[in-house]
Amino acid sequence: GSVNVGALLAYLGVAYIAQYGIPALGGLSWSFFVAYTIPAVAMGLALLTFIIGTPRYRIIPAQGSVLATTLKVAWEAGITNRKAPHEVEHWLDRAKLENGGSFEPHDVDPVKYITRLMVFMLPFVGFWASYSSMSTTFQLQACQMNLDAGGFDVPVAALNVADTIAILIFIPIFETYLFPYLERKGYPLSTLQKVGLGLIVSAMAVTVAGLLEIYRRDHAPDAKNYLDGGDKDITPCRDSYDYNPFKFQKYEAGDEDVEPAYCHKKSGCDDRYGPDQYLNLTCIHCDDIPQIADISVFWQIPQFTLIGISEILGAVGGLEFFYSQAPNAMRSVAAALNLLTTAFGSWIIIPLVYIVNANPNDPWVGNDANSSHLDYYFFLLAGIVVLCWLLLCWLARDFVYKTPQDEEEIEPERLSSAWEAIPATSVDNKPPPKNLSDSLSP
């Protein structure tokens with residue numbers, strides 16, 4: 001909840017300051033500095049609060065490294081002890097003492113559970129690739145839509161608020177009414193079923209974005225350059241300076257320090273005039289200025305809302321799946337794997353954009369959405385998410401959920417002596433907690 005409240009404030013306040021600035025604080029020239037100062041101060045206060053509150057908590061010293069043990073088990077089973085004396089049920093069993101390895105069964109068996117979760121990382125990569133559209137292509141689309149809200153211009157990033165509001169509204173509805181209702185009717189949703197629904201809703205979100213892009217581009221004005229008056233309807237995400245041939249004249253003559261980014265001198269043309277020997281305009285080419293379509297940016301609300309719903313089902317369901325299906329001692333590793341899918345999903349967008357922009361004369365994700373094919377890109381993302389959903393269905397067909405009895409079989413020694421390794425007193429000289437929840441109590 002606090003994460004989404006923070007996001008709500010950021011998208012409504014910080015985003016507006018970054019895009020439009022505050023006249024009394026330097027205007028547009030200092031807009032990003034002022035905007036980023038706000039979260040910087042907030043983080044400073046959060047850190048100070050954390051430091052002040054730290055003495056009120058019991059601190060249990062860490063005992064070893066689960067990650068280091070996991071890597072050592074995998075290395076020994078896969079590299080140093082590949083030739084076990086006899087056949088093993090699982091390749092990681094080669095690291096056990098009984099098979100010539102150097103690890104106890106309670107060290108190896110939890111790692112085996114983690115490996116069966118790792119294959120489920122693949123479907124989540126597609127989900128997070130689609131989710132990343134909120135901060136990339138959704139905003140590129142918004143840049144060339146009408147930002148007017150009754151005489152007030154909203155910042156391009158403001159529609160992310162719809163995602164945040166959707167989460168704040170639908171989480172209590174789902175948890176309090178929908179999921180319990182389905183359970184009472186005999187249709188309880190497993191975590192993987194929730195993730196599957198999240199993938200479907202995510203595919204719907206980018207499909208809606210693609211349909212909106214078709215409609216937006218059909219209503220976009222004709223291309224115009226600076227001399228045609230194109231700067232009057234320029235997208236707020238671009239600076240008319242970069243398309244201004246007169247500024248390029250001055251830059252080329254040495255009277256301006258900054259080169260207009262989208263202007264260049266025509267090859268073989270060097271006609272000049274006047275005492276300053278400015279380059280003739282006929283020798284300068286400037287790209288057409290990206291124009292705003294007269295379609296309200298609020299038409300993006302459905303796609304952001306669907307992303308929010310998919311986040312409730314897919315992201316929360318994924319976190320629950322990785323956490324609940326990992327052995328107790330390996331839950332930090334499982335949570336890290338879940339977060340790793342977020343990184344992979346965001347990263348995979350980079351080569352994907354390079355691929356769809358392989359033809360520089362016909363890009364899908366370009367500087368000007370009116371001459372690009374953002375709709376193709378959104379539909380491609382939808383297809384990728386659907387493929388990930390099919391993969392999830394295939395992986396989940398034989399998956400057996402872990403039970404408390406499984407936990408006892410995986411780590412019998414660890415469960416019986418979980419607190420034995422903790423010193424008689426913690427670092428603040430208070431007795432050790434009887435259970436984990438007590439460790440969070442002042």
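The values are calculated or read from the model by the stated rules, or taken from the named source; none is laboratory data. Not measured: the values here are computed from a predicted model. Ideal geometry is used to build each Cβ from the backbone, glycine not excepted, and the neighbour counts take in all protein chains shown. Remember, those area values only see protein heavy atoms, side chains included, never the ligands or the DNA or RNA. Shrake-Rupley method; radii C 1.70, N 1.55, O 1.52, S 1.80 Å.
Please compute, for the alpha-carbon atoms of the range 75-165, the extent along each of the three principal axes and give them in descending order in Å.
Principal extents (Cα only, largest first): 78, 21, 17 Å.
For Leu28 and Arg116, what does the FRET efficiency come to when R0 = 41 Å and r is the distance between their Cβ atoms, rounded to the nearest 0.05? If you can, show how the numbers build up before the last one.
On the way: r = 53 Å, r/R0 = 1.30.
With R0 = 41 Å, the Cβ-Cβ based efficiency is 0.15.
Counting Lys and Arg as +1 and Asp and Glu as -1, each charge on the Cβ, what is the dipole of the chain about the Cα centre in debye, to the nearest 20?
Here the chain has a charge dipole of around 1080 debye.
Given charges of +1 on the Cβ of Lys and Arg and -1 on the Cβ of Asp and Glu, with all other atoms neutral, how large is the dipole of the range 109-235 about its Cα centre, in debye to the nearest 20?
700 debye
Residue farthest toward the positive end of the dipole of the chain, with Cβ of Lys/Arg at +1 and Asp/Glu at -1: which of Trp299, Met121, Leu9?
Of Trp299, Met121, Leu9, it is Met121.
Binned at 20 Å from 0, what are the whole-percent values of the Cα-Cα distance distribution for the chain, short to long?
Bin by bin from 0 Å, the calculated values are 19, 43, 28, 10, 1.
Lys and Arg at +1, Asp and Glu at -1: add these up for the other residues within a Cβ distance under 11 Å of Asn4 and post the number. Don't skip to the end; give the middle numbers.
Working: positive: none; negative: Asp163, Glu311.
Overall, the nearby charge balance is -2.
I need the per residue convex hull volume for the range 109-215, using only the alpha carbons, in cubic angstrom as a whole number.
Given the Cα convex hull of the range 109-215, per-residue volume reads 159 Å³.
Return the single residue from Glu259, Glu183, Glu311 with maximal mean-square fluctuation; model: Gaussian network over the chain, springs between Cα atoms under 10 Å.
Glu183
GNM, the chain, Cα, under 10 Å: largest mean-square fluctuation among Pro123, Pro236, Pro23?
The residue with the greatest mean-square fluctuation here is Pro23.
For the range 260-311, with every protein chain kept in place, what is the accessible area per residue (1.4 Å probe, Å²)?
It amounts to 49 Å² per residue over the range 260-311.
Farthest toward the dipole's positive end in the chain, which of Ser372, Gly230, Ser332, given Cβ charges of +1 (Lys, Arg) and -1 (Asp, Glu) about the Cα centre?
Ranked along the dipole, the leading option is Ser332.
Under the rule of at least 5 residues apart or a separate chain, name every residue whose amide H is placed under 5 Å from the amide H of Ile22.
Placed amide hydrogens put Gly27 under 5 Å from Ile22.
Going by amide H atoms built from the backbone, whose H comes under 5 Å of the H on Ser296, apart from near neighbours?
Close amide H contacts, sequence-distant or interchain: Asn146.
Want the number for Cys269 to Ser2: 0.36 nm per residue separation, take away the alpha-carbon distance, what's left?
90.1 nm
Can you give me the accessible area per residue for the range 334-395, using a 1.4 Å probe, in Å²?
With the other protein chains kept in place, the range 334-395 gives 52 Å² per residue.
Please build a GNM for the chain, connecting alpha carbons under 10 Å apart, and tell me which residue among Thr54, Thr136, Thr191 fluctuates the most.
Thr54
I need the calculated FRET efficiency for the pair Val41 and Tyr181, taking r as the beta carbon distance and R₀ as 41 Å, to the nearest 0.05. Working shown, then result.
Working: r = 44 Å, r/R0 = 1.07.
Result of the calculation: an efficiency of 0.40.
Compute the signed sum of charges (Lys and Arg +1, Asp and Glu -1) over the other residues within less than 12 Å, Cβ to Cβ, of Asn146.
-3
Quick one: what are the phi-derived ³J(HN,Hα) couplings along the range 188-201, Karplus 6.51/-1.76/1.60 with θ = phi - 60°, whole Hz, x for glycine and proline?
Going residue by residue, I get x, 9, 6, 4, 5, 5, 5, 4, x, 5, x, 5, 5, 5 Hz, with x marking Gly and Pro.
Please work out whether the range 1-93 counts as rounded, prolate or oblate from its C-alpha gyration tensor, where a ≥ b ≥ c are the square roots of the eigenvalues and a/c under 1.5 means rounded, while otherwise a/b larger than b/c means prolate and anything else oblate?
Taking the square roots of the gyration eigenvalues as a ≥ b ≥ c, the range 1-93 is prolate.
Return the equivalent ellipsoid semi-axes of the range 161-274 as a descending list in whole Å, where each equals the square root of 5 times an eigenvalue of the C-alpha gyration tensor.
Working: eigenvalues 622, 44, 34 Å².
Working from the Cα gyration tensor, I get semi-axes of 56, 15, 13 Å.
In deg cm²/dmol, rounded to 500, what helix-only [θ] at 222 nm does the chain give when every DSSP H run of at least 4 residues adds -39500 (n - 2.57) and the total is split over its residues?
Working: 18 runs with 213 residues, N = 442.
Using -39500 (n - 2.57) per qualifying helix, the result is -15000 deg cm²/dmol.
So if I take the centroid of the Cα atoms in the range 326-403 and the same for the range 1-75, what is the distance between those two points in Å?
Here the answer is 26 Å between Cα centres.
Quantify, in whole percent, the carbon and sulfur part of the accessible surface of the chain (1.4 Å probe; protein heavy atoms only).
Carbon and sulfur together cover 63 percent of it.
So with the 1.4 Å probe, I'd like the accessible area per residue for the range 34-110, rounded to whole Å².
Solvent-accessible surface per residue comes out at 68 Å².
Using r as the Cβ-Cβ distance of Phe399 and Ser102, and R0 as 25 Å, what FRET efficiency do you calculate, to the nearest 0.05? Before the final figure, lay out the partial values.
Values: r = 31 Å, r/R0 = 1.23.
Step by step, r from the Cβ atoms, then E = 0.20.
Given H placed 1.01 Å from N in the peptide plane, which residues other than close sequence neighbours of Lys402 have an amide H under 5 Å from its amide H?
Long-range HN contacts for Lys402: none found.
If you build the convex hull over the alpha carbons only and average its shadow over all orientations, what do you get for the range 250-314? Give it in nm² to one decimal.
Average of the hull's projected areas for the range 250-314 equals 8.5 nm².
Quick check on packing: order 319-326, 396-403, 140-147 by the mean number of other C-beta atoms within 10 Å, highest mean leading. Spell out each step's value before the answer.
Details: 319-326: 18.8, 396-403: 11.1, 140-147: 23.4.
Per-residue mean Cβ counts within 10 Å order the peptides as 140-147, 319-326, 396-403.
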